[in-house]
Amino acid sequence: MYFAELDDGSVKFDEERGSRGGRYLYMEEEGELVPLASRGTAEKIREGGGTRNYEITLDREVFEDEKTIYALGTSNSGLFHPRKYKLRIEKGELVSEKVDSEEWNLQELEFREIGNERFWLTSYKNSVFPMVELVDEICQDNNFNFRPSKKARRTMETLRNPEKSLYISLMFNTSRSRIRSLKQKIQRIRVICTFFGR
């Protein structure tokens, strides 16, 4: 995670937005994940290759008390890579400490709703989880190994770990992007269930 302190007392962070190769920044507040950009200002500085780069500016005073920042991102191949940092001011300087991945569990936190995504979030939980269980049961009963094509990485990800897949959808920091991702996953898993005649 890159950040820089400026002479005017502000701190700038780089955030890259996109479903592949993106990196979204969140601050932990009362057990919830809140987009870092919502605590300051965000300015788009470049765009290309399916990603958009933003410069997020916060007042340095925000870090007078230690803050926990999460960098939630995916590789170019679509793999999920969450990272956790502790930021605090020591001896007049803002310092960052990366927390070992074995010491924390992202799924213990909730994403704060930022719009009207609740309907689709509930729909995902009420439909995708049982549908994935159904697909697993059918495959086990028939000794069948179902694998979507490599291009359908997100679908495979949902079948293997629907909870992790949900977190990847909520990683986006706009309600519109979250809803689009959730709808796509619900629709794709429904297609698979239809394929199995259910």
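The numbers here are math on the coordinates, done by the rules we state, and not lab data. Note that this is a predicted model, so its numbers are computed, not measured. Cβ placement follows ideal geometry from the backbone for every residue including glycine, while neighbour counts extend to all protein chains displayed.
Structural remarks
- Taken as Cα centroids, the range 89-119 and the range 1-41 sit 10 Å apart, rounded to the nearest whole angstrom.
- Ordering PHE172, TRP120, ILE192 by the projection of their Cα atoms onto the charge dipole of the chain, which places +1 on the Cβ of Lys and Arg and -1 on the Cβ of Asp and Glu, puts ILE192 at the extreme positive end.
- Helical content alone sets the calculated 222 nm signal of the chain at -10500 deg cm²/dmol, taking -39,500 (n - 2.57) per DSSP H segment of four or more residues and averaging over every residue.
- Axial C-alpha extent at least 15 Å, average Kyte-Doolittle at least -0.5 - helices from the chain (DSSP): 118-141, 175-195
- Relative contact order, percent, the range 3-108 [alpha-carbon distance under 8 Å, six or more residues apart]: 24
- DSSP beta bridge pairing in the chain, given as percent antiparallel to the nearest 5: 95
- Take the Cβ atoms of GLU133 and LYS86, set R0 to 41 Å, and the FRET efficiency comes out at 0.65.
- Eligible lysines near LYS44 by straight Cα distance, threshold 27 Å, same-chain separation 8 or greater: LYS12, LYS67, LYS84, LYS86, LYS98, LYS183
- Considering only alpha-carbon pairs that sit under 8 angstrom and 6 or more positions apart, the relative contact order computed for the chain is 17 percent.
- Distance between modelled label sites at GLU47 and CYS193, nm, 7 Å Cα→Cβ extension: 3.6
- Evaluated with a Cβ-only charge set (Lys, Arg +1; Asp, Glu -1), the chain carries a dipole of roughly 1640 debye about its Cα centre, given to the nearest 20.
- Farthest towards the positive end of the charge dipole of the chain, among the residues LEU58, PHE13, ASN142, is the Cα of ASN142, using unit charges on the Cβ of Lys, Arg, Asp and Glu.
- Ranked ASP59, ASP65, criterion: other C-beta atoms within 10 Å, fewest first: ASP65, ASP59
- Compared with the direct C-alpha span, the chain from LYS125 to GLU163 gains 12.8 nm at full extension, assuming 0.36 nm per residue.
- Shown here for the range 4-74: GluC sites (Glu not before Pro) in loop regions (DSSP other than H, G, I, E, B) with at most 13 other Cβ atoms within 10 Å, namely GLU30, GLU64, GLU66.
- Distant-in-sequence amide H partners of SER10 (H built 1.01 Å from N, under 5 Å): ARG60
- Reachable lysines from LYS185, criterion Cα separation under 22 angstrom, eight or more residues apart if same chain: LYS125, LYS150, LYS151, LYS164
- Identified option (computed P(r) over Cα pairs in 5 Å bins from 0, in percent; candidates (1) 1, 7, 14, 18, 17, 14, 11, 7, 5, 3, 2, 1, 0, 0; (2) 1, 6, 9, 12, 13, 15, 15, 13, 9, 5, 2, 1, 0; (3) 1, 8, 17, 21, 21, 16, 10, 4, 1, 0): (1)
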